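J.: Quick one: the structure is below, and I'll ask about it shortly.
The values are calculated or read from the model by the stated rules, or taken from the named source; none is laboratory data. All values derive from a computational prediction rather than experimental measurement. Here Cβ is always computed from backbone atoms with ideal geometry, including for glycine, and neighbour counts include all displayed protein chains. Just the protein is used for accessible areas: all its heavy atoms, side chains included, with ligands, DNA and RNA removed. Shrake-Rupley method; radii C 1.70, N 1.55, O 1.52, S 1.80 Å.
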Amino acid sequence: VKFRRTGESSRSDEDGISGEHEVQIEGVRTELEPVELEDGAAVPKEFANPTDDTFMVEDAVEAIGFGKFQWKLSVITGLAWANAMEMMILSILAPQLHCEWRLPSWQVALLTSVVFVGMMSSSTLWGNISDQYGRKTGLKISVLWTLYYGILSGFAPVYSWILVLRGLVGFGIGGVPQSVTLYAEFLPMKARAKCILLIEVFWALGTVFEVLLAVLVMPTLGWRWLLILSALPLLLFAGLCFWLPESARYDVLSGNQEKALATLKRIATENGAPMPLGKLVISRQEDRGKMKDLFTPHFRWTTLLLWFIWFSNAFSYYGLVLLTTEFFQAGDVCSISSRRQEVKAKCSLTCEYLTEEDYTDLLWTTLSEFPGVLVTLWIIDRIGRKKTMALSFLVFSFCSLLLFLCVGRNVLTVLLFIARAFISGGFQAAYVYTPEVYPTATRALGLGTCSGMARVGALITPFIAQVMLESSVYLTLVVYSGCCLLAALASCFLPIETKGRGLQESSHKEWGQEMVGRGSHSPEESQE
């Protein structure tokens with residue numbers, strides 16, 4: 001076994017200068033001789049791992065492992081993911097403007113819908129930009145866009161201005177999920193699922209921080225300052241994003257071998273880990289960001305099923321958020337019909353400001369996101385991605401059916417808490433699975449289109465959770481329960497399980513030809 005020191009691994013085999021170390025001892029042969037390591041013995045850290053003469057980005061990422069670089073990346077991409085504050089603010093801003101500007105109910109609802117319209121229209125565009133021009137480029141532009149229009153929203157003089165500005169904020173938020181694409185491409189296989197789930201914690205932290213910020217800011221400074229201060233995480237990201245490297249997988253695919261190698265060496269240096277020996281193999285260059293690639297024979301069925309799964313996730317998640325408010329205000333499911341009749345008798349411009357009790361309820365419901373992360377974190381590498389998503393949908397559906405019973409407020413709270421924990425966990429599992437299943441050439445586009453379908457679900461769900469609820473609470477619950485049952489079946493029918501798989505580099509290879517984990521190659525796989 002020949003070793004090379006990490007600092008000298010940059011020398012090419014054609015340089016004519018060998019980086020191999022020979023020990024000059026008098027009376028002893030000076031050429032390198034085979035060295036036998038005992039089973040399980042670790043290679044000294046100052047030497048590089050023995051590999052073949054060539055290696056791919058996947059091999060380098062696995063060899064370097066998880067370390068200081070990935071911890072920094074987790075925090076920075078997590079700041080982008082804390083844009084949940086821009087979503088959570090909708091539930092706080094709507095009643096405030098309803099009272100302050102005397103807006104009718106349909107204008108208040110439109111203020112929420114326009115954000116989802118912006119997200120839906122831009123998700124595929126940001127995915128295409130990330131595949132064409134780089135993950136870092138797409139993420140930076142979308143975050144800076146969201147930051148600019150988010151702050152500008154605080155200065156909106158009239159309703160029409162804030163409507164347009166919040167729509168532009170939604171347009172920018174549509175690109176923030178690309179942070180998951182960039183993040184996933186730097187993670188070793190064993191850490192990928194856990195790490196992607198852990199940055200989802202930033203989403204939950206963002207929602208909790210928004211509620212706490214509203215408690216402090218709304219009574220004193222008002223909603224304009226709340227809009228401005230809600231952009232703080234994105235402002236921090238904007239200051240730190242220049243540290244982010246471009247994805248090495250993207251650079252290799254686009255033919256920029258030197259830049260990819262420099263990025264991998266930088267990660268190895270920060271982690272204090274060795275680089276593999278040999279040359280970095282340039283993958284076959286492909287057209288990137290083409291919609292037709294999502295519908296090749298290998299991925300057509302996967303794409304269609306994932307679109308429905310993402311649609312169902314957002315449809316059910318945001319539907320539950322809306323239903324929670326209705327259920328809590330009514331006291332229980334059976335009281336909703338009578339309460340609706342009382343509300344209809346009132347003037348449509350009657351308004352009520354959010355109270356301290358309302359903020360407390362908002363805080364409790366958002367805290368259910370954390371158990372969802374923990375449960376998903378525990379099961380996703382045990383039972384796999386597909387079964388995790390299916391289980392999450394089934395539990396949500398079961399809790400929805402239990403709401404048919406006229407349960408008291410305490411039992412109602414528990415059921416809503418469990419349902420939200422699992423549907424948020426299913427959403428997180430989808431964020432793990434989607435970047436894993438698509439090859440590098442279409443990974444960002446695949447995630448972008450799935451995110452766009454999720455926004456379609458978010459757009460439709462108010463008509464079910466609010467309009468249909470006026471007619472029949474039971475029919476509303478059947479719609480959500482039935483949708484999640486179908487989504488559970490769709491999860492089971494996904495043709496590819498990505499648990500224990502390396503990220504696929506080329507769309508010209510079928511699943512099973514990629515690395516299944518270091519040290520687990522079969523001879524046939526090695527030849528391929």
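J.: Once you put a point 7 Å from the Cα of residue 262 and another 7 Å from the Cα of residue 291, both along the Cβ direction, what distance in nm separates them?
T.: Each label point lies 7 Å from its Cα, and together they span 3.6 nm.
J.: Which residue, 212, 169, 273, has the largest displacement toward the positive end of the dipole of region 51-285 when charges sit on each Cβ (Lys, Arg +1; Asp, Glu -1)?
T.: 212
J.: Can you find, among 199, 82, 111, the residue farthest towards the positive end of the dipole of region 51-285? Put +1 on the C-beta of Lys and Arg, -1 on that of Asp and Glu.
T.: Result: 111, furthest along the dipole toward the positive end.
J.: Report the extension gain between residue 360 and residue 472 in nm, rounded to one decimal, defined as 0.36 nm multiplied by the number of residues separating them, less their alpha carbon distance.
T.: Gain on stretching residue 360 to residue 472: 37.5 nm.
J.: Hey, with R₀ at 51 Å, roughly what FRET efficiency would residue 409 and residue 102 work out to, going by the Cβ-Cβ distance, to 0.05?
T.: 0.95
J.: What nm distance separates the two modelled labels at residue 304 and residue 236, each placed 7 Å from Cα along Cα→Cβ?
T.: Rounded to a tenth, the inter-label distance reads 4.4 nm.
J.: Okay, moving on. What Kirkwood Rh does region 51-285 have if only Cα atoms enter the pairwise 1/r average? Answer in Å.
T.: Across region 51-285, the inverse of the average 1/r is 19.1 Å.
J.: Region 94-115 to region 170-190: how many Å between their Cα centroids?
T.: Each part reduced to its Cα centre gives a spacing of 31 Å.
J.: On to the next question. With every protein chain present, what is the per residue accessible area of region 51-285 (1.4 Å probe, Å²)?
T.: Each residue of region 51-285 exposes 36 Å² on average to a 1.4 Å probe.
J.: Using a 1.4 Å probe on the protein chains only, how many percent of the accessible area of region 182-249 belongs to carbon and sulfur?
T.: Carbon-and-sulfur percentage of accessible area, whole number: 81.
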